[in-house]
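To start, the structure under review is shown below, and the notes come after it.
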Amino acid sequence: MPPSLHGLLIEEIQAERLVALATLLAGPGRGAKMLVWPERDRGTLGDVALDGETRRVAAAALARQQSERFRFRQGENEWDVFVDVYPPPPQLVIVGGVHIAIPLVTFAAALGFRTLVVDARRAFATPERFAHADRLLIGWPADILADLNLNESTCLVTLTHDEKLDNPALLVALGSPVCYIGALGSRRTHASRVAALKEAGATDAQLTRIHAPIGLDLGGRRPEEIAVAIIAQIVQVTNAKKEGGMMG
């Protein structure tokens, strides 16, 4: 790999940005490499048509966050290419240090998520309640989220039931590539929320990304049961993406 590509790959992995490395395993130009991001690429495998096919395959692989190997034939040439995807570590951002958030942090951590709890209300966001979270961030959620790396491996939920906290946070999330957005509240609450978000500039396409009422319908009422429903939906949505589904 050219030193410039190798260094850039390391930088992207360390910065937790979604990237893929395409390597030409066999065929003319064997050993050539190409970096591909969701919106751009760097390098070449040595053939214009092959580069185009690699971009297409890599785009799908990046969307699923799963590596893929493919063959491409043109004329007398045939190539064997491996697209190695490097996804950021999974993280769950919880807006609202409410009772539901406490078991939700536990369940998410057990599934390998980095957990971040965000709230402006110090009475809720206390180290005693969230000693098991990876990070506890106190301040206005929208301001804090704007400084976080909300990437393709991020899931975000809003649980405060306070539109002054939840809605600005949702606007930030809708403008990011996060893989899951969920919002606590009834259907009536969500209808009001949608109207407010549209007035604030959210598009219909963006609003369809919000899962509300949040969680799978398991019939639970206790905080722990609601947390189970939320994490179950997150697992369902993220697995569907890996299988090539369009749930978001």
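What follows draws every value from the coordinates through simple rules; no lab data is involved. It should be emphasised that the depicted structure is a prediction, and the values quoted were computed from it without experimental measurement. Note that each Cβ is placed from the backbone with ideal geometry, even for glycine, and that neighbours are counted across all protein chains shown.
Figures for the structure shown
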{"read-out": "Fewest-first ranking of LYS241, LYS164, using other Cβ atoms within 10 Å as the exposure measure", "value": "LYS164, LYS241"}
{"read-out": "Virtual spin-label span in nm between LEU218 and ARG135, 7 Å along Cα→Cβ", "value": "2.7 nm"}
{"read-out": "Linear extension gain, LYS242 paired with GLU128, 0.36 nm per residue minus alpha-carbon span", "value": "37.4 nm"}
{"read-out": "For the chain, built as a Gaussian network whose Cα springs stay under 10 Å, the top-fluctuating residue of GLY185, GLY175, GLY97", "value": "GLY175"}
{"read-out": "At R0 = 35 Å, FRET efficiency that the Cβ-Cβ distance of LEU5 and ALA232 yields, to 0.05", "value": "0.30"}
{"read-out": "VAL235, VAL118 arranged by Cβ crowding within 10 Å, fewest neighbours leading", "value": "VAL235, VAL118"}
{"read-out": "Listed residues GLU152, GLU16, GLU53, most fluctuating in the chain (Gaussian network, C-alpha, under 10 Å)", "value": "GLU53"}
{"read-out": "Sparse-neighbour loop sites [trypsin sites (Lys or Arg not before Pro); region 29-102; at most 13 other C-beta within 10 Å; DSSP]", "value": "ARG30, ARG40"}
{"read-out": "Signed unit charges on C-beta, dipole axis of the chain, positive-most listed residue ASN167, PRO141, LEU216", "value": "LEU216"}
{"read-out": "DSSP-defined beta bridges in the chain - what % are antiparallel, rounded to 5", "value": "50 percent"}
{"read-out": "Net length gained if the chain between ALA195 and ASP143 were fully extended (0.36 nm per residue, minus Cα distance)", "value": "16.5 nm"}
{"read-out": "Estimated FRET transfer efficiency (LEU111, ALA49; beta-carbon r; R0 41 Å; 0.05)", "value": "0.50"}
{"read-out": "Calculated semi-axes √(5λ) of the Cα gyration tensor in Å (choose from (1) 27, 25, 16; (2) 24, 23, 17; (3) 39, 18, 16), label", "value": "(3)"}
{"read-out": "Size of electric dipole in region 3-86: Cβ of Lys, Arg +1 and of Asp, Glu -1, about Cα centre, debye, nearest 20", "value": "80 debye"}
{"read-out": "Label point 7 Å beyond Cα of PHE70 along Cβ direction - residues of region 20-64 with amide nitrogen under 13 Å", "value": "22-23, 49-64"}
{"read-out": "Lys, Arg +1 and Asp, Glu -1 on Cβ, resulting dipole of the chain about Cα centre, debye, nearest 20", "value": "420 debye"}
{"read-out": "Which of ASN77, VAL98, LEU25, positive extreme of dipole for the chain (C-beta unit charges)", "value": "VAL98"}
{"read-out": "Residue pairs, from the table LYS33/LYS242; LYS33/LYS241; LYS198/LYS242, whose Cα atoms sit over 28 Å apart", "value": "LYS198/LYS242"}
{"read-out": "Sites matching trypsin sites (Lys or Arg not before Pro) across region 97-151 that sit in DSSP coil, with at most 15 neighbouring C-beta atoms within 10 Å", "value": "ARG121, ARG122"}
